1. Looking at (1) in contact with a helix residue (DSSP H, G or I) (Cβ under 6 Å, 6 or more places away or on another chain); (2) open to solvent by less than 50 Å² (accessible area, probe 1.4 Å); (3) without any contact (Cβ under 8 Å) to a residue 60 or more places away in the chain; (4) not acidic (Asp, Glu), find the lone condition where LEU125 falls short.
2. Just to check your reading of the model, which residue among ILE32, ILE93, ILE26, ILE119 is touching a residue at least 40 places away in the same chain (Cβ under 8 Å), among the aliphatic types (A, V, I, L, M), open to solvent by 10 Å² or more (accessible area, probe 1.4 Å) and part of a helix (DSSP H, G or I)?
3. Filter region 135-161 down to residues that are among the hydrophobic types (A, V, I, L, M, F, W, C) and touching a helix residue (DSSP H, G or I) at 6+ places or on another chain (Cβ under 9 Å) and give me whichever is most open to solvent (accessible area, probe 1.4 Å).
4. Considering only region 11-22, I want to know if a residue exists there that is modelled with pLDDT of 95 or more and more than 27 Å from LEU146 (Cβ to Cβ).
5. Just checking, does region 49-57 include any residue being among the hydrophobic types (A, V, I, L, M, F, W, C), within 21 Å of ARG185 (Cα to Cα) and surrounded by fewer than 24 Cβ atoms within 10 Å (Cβ to Cβ)?
6. Could you tell me whether GLY165 is more than 13 Å from the ligand (Cβ to nearest atom) and on the phi > 0 side of the Ramachandran plot?
7. I'd like the residue in region 196-237 that is away from the ligand (no atom under 16 Å from the Cβ) and hydroxyl-bearing (Ser, Thr, Tyr) and, out of all such residues, is modelled with the highest pLDDT.
8. Give the residues of region 105-116 that are over 16 Å from the mean Cα position of the chain (by Cα), open to solvent by 20 Å² or more (accessible area, probe 1.4 Å) and within 16 Å of the ligand (Cβ to nearest atom), sorted by residue number.
Amino acid sequence: MTLKEAIDVRHSRRSYTPKRLSGQVIHTLTNIIDEANREHLHIQLITEGEKAFSSLLKTYGLFSGVHTYLAMVGPKDDPQAQQLLGYYGELLILTASQHGLSSCWVGATFDQGNTRADIAPGEQLYCLITLGYAKDHTSLGEKLALSMKGRPHTAEQIMEYRGTGPAPQWFMDGIRAVLKAPSARNRLPVHFTLKHGIVTAACIPNGGYEYIDLGIALLHFEIGADYIFYPLRTRHSNK
Ligand SMILES: Cc1cc2nc3c(=O)[nH]c(=O)nc-3n(C[C@H](O)[C@H](O)[C@H](O)COP(=O)(O)O)c2cc1C
């Protein structure tokens, strides 16, 4: 499965079987984590982390069976770090999807005091990403989350093309991939503009998650459009 195909199959899952991640999957994810952490991030793969999701009160009953998650830690109050956490977190999610895993970004509905993340002074835990093999059936908690998802977004809401005629195919391919990106409360608070062949992207406030949402959207755009926002970063050739 390519990363483009992974974008099509990914959607948040919140109910997991006890099956653990294989050593090979952990190795693949750890390589990406090491690459991300060279950019002053402190992403950690936590196994046996049930406690962060065992409080019904803190999870609102949305999650069940969570044992493995990524702790998305980085420099405190740092929008650039948040954007990178979004970008690399989503790359980890799509790579996990290629290996048959399901996932969910979690900014709020977990027990902050019961995570096993290592948070150094000057750092902040921004989010978790649950990872695991999803149950076949949709749980009650997942049905609740789906009912809160709202309407799908449209291309017009998130793009502007400043040129003559229709927007080029590659730009529209990028926008279509962004429309499939996860975002906090499914708000998709991002906007892409194409002018003189250059794409710019911006975000509007979304409960403090907007820079993470933007980083996620940038990765989706790069994969959908074969466009590079970060020329110096290692490219992920498996489009
Ligand atoms: C930064 C961020 C924070 C999120 N926080 C939560 C959360 O606290 N609880 C939850 O159940 N889902 C959370 N989500 C998942 C979104 O609700 C979900 O991605 C969105 O509804 C779109 O659904 P999809 O991922 O199935 O496409 C979060 C997503 C993002 C990107």
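The values are calculated or read from the model by the stated rules, or taken from the named source; none is laboratory data. Note that this is a predicted model, so its numbers are computed, not measured. All Cβ positions, even for glycine, are placed from backbone atoms using ideal geometry, and neighbour counts span all protein chains on display. These accessible areas exclude ligands, DNA and RNA; they are computed on the full protein's heavy atoms, side chains included. Shrake-Rupley method; radii C 1.70, N 1.55, O 1.52, S 1.80 Å.
1. So LEU125 meets the others, but not (1).
2. Values: ILE93 fails: open to solvent by 10 Å² or more (accessible area, probe 1.4 Å); ILE26 fails: touching a residue at least 40 places away in the same chain (Cβ under 8 Å); ILE119 fails: part of a helix (DSSP H, G or I).
Only one candidate qualifies: ILE32.
3. Taking region 135-161 as the starting set, the residues that turn out to be among the hydrophobic types (A, V, I, L, M, F, W, C) are 140, 144-146, 148, 155, 158-159.
Filter once more, keeping what is touching a helix residue (DSSP H, G or I) at 6+ places or on another chain (Cβ under 9 Å): 148, 155, 158-159.
Numbers: MET148: 123, ALA155: 19, ILE158: 2, MET159: 37 Å².
Checked region 135-161; the qualifying residue most open to solvent (accessible area, probe 1.4 Å) is MET148.
4. yes
5. The answer is yes, given that some residue of region 49-57 is among the hydrophobic types (A, V, I, L, M, F, W, C), within 21 Å of ARG185 (Cα to Cα) and surrounded by fewer than 24 Cβ atoms within 10 Å (Cβ to Cβ).
6. Working: more than 13 Å from the ligand (Cβ to nearest atom): yes; on the phi > 0 side of the Ramachandran plot: yes.
It is true that GLY165 is more than 13 Å from the ligand (Cβ to nearest atom) and on the phi > 0 side of the Ramachandran plot.
7. Applying the first criterion (away from the ligand (no atom under 16 Å from the Cβ)) to region 196-237 yields 196-200, 202, 222, 225-237.
When the remaining residues are screened for being hydroxyl-bearing (Ser, Thr, Tyr), the result is 200, 227, 230, 234, 237.
Numbers: THR200: 94, TYR227: 82, TYR230: 68, THR234: 54, SER237: 49.
Result: THR200.
8. Scanning region 105-116 gives GLN112, GLY113, ASN114, THR115.
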